Amino acid sequence: MNGDEQLLRGRVYGCDHDDPDPGPLPHRTYAALIGGPLDGLLLDITGWRPGEVDGGAALSTELGQFPGGRSLYDLRSDEPRTPGPGVSCRLFYSGDTP
């Protein structure tokens, strides 16, 4: 794991690098991002309906194949989900788009 990857691990996607606490909050629900340029980040999915989580996420990033593009993360059909706060599921990297 390089230094950039270490900085990302356990942080919440979308938090600024200078946020005093970029980590997860106990009353929020998260998806762990697995693989790709955002590996190790948590995506806040608090309030998302199950169908929205099933659809995955296209997340803006400068770290992917297309700087300023999006990295795609999808839920696998066999992936378990747990309700409530904390990490409820994992979304897996499936590619980048401009």
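The values are calculated or read from the model by the stated rules, or taken from the named source; none is laboratory data. All of these numbers come straight from a predicted model, not from anything done at the bench. Every residue, glycine among them, receives a Cβ derived from its backbone with ideal geometry; neighbour counts consider all protein chains shown. The accessibility values were calculated without ligands, DNA or RNA, using every heavy atom of the protein model including side chains. Shrake-Rupley method; radii C 1.70, N 1.55, O 1.52, S 1.80 Å.
Taking 0.36 nm per residue of separation and subtracting the Cα-Cα distance, what length does fully extending Thr46 through Arg70 add? All intermediate terms of the calculation are to be shown ahead of the outcome.
Working: separation 24, 0.36 × 24 = 8.64 nm, distance 2.08 nm.
Working it through step by step, the gained length comes to 6.6 nm.
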At 0.36 nm per residue, minus the direct Cα-Cα distance, what do Asp16 and Ser60 gain on full extension? Give it in nm, one decimal, please. 14.5 nm
From the Cα trace of the chain, what convex hull volume per residue do you get, rounded to a whole Å³? 102
Ordered by residue, what ³J(HN,Hα) values in Hz, to whole numbers, does the range 55-66 give under the Karplus form 6.51 cos²θ - 1.76 cosθ + 1.60, where θ = phi - 60° and Gly and Pro are x? x, x, 8, 10, 10, 4, 7, 8, 8, x, 4, 10
Could you work out the relative contact order of the chain, using alpha carbon pairs under 8 angstrom and six or more residues apart, expressed as a whole percent? 28
With +1 assigned to the C-beta of every Lys and Arg and -1 to the C-beta of every Asp and Glu, and no other charges, what is the dipole magnitude of the range 37-89 about the Cα centre in debye, to the nearest 20? 80
Before I look further, what does the range 17-98 give for accessible area per residue, probe 1.4 Å, in whole square angstrom? 58
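Please report, as a whole percent, how much of the solvent-accessible surface of the chain comes from carbon and sulfur atoms (probe radius 1.4 Å).
Working: 3100 of 5910 Å².
Answer for the chain is 52 percent, counting heavy atoms of protein chains only.
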Once amide hydrogens are built 1.01 Å from N within the peptide plane, the residues lying 5 or more places from Arg90 or on another chain with amide H under 5 Å from its amide H are Ala32
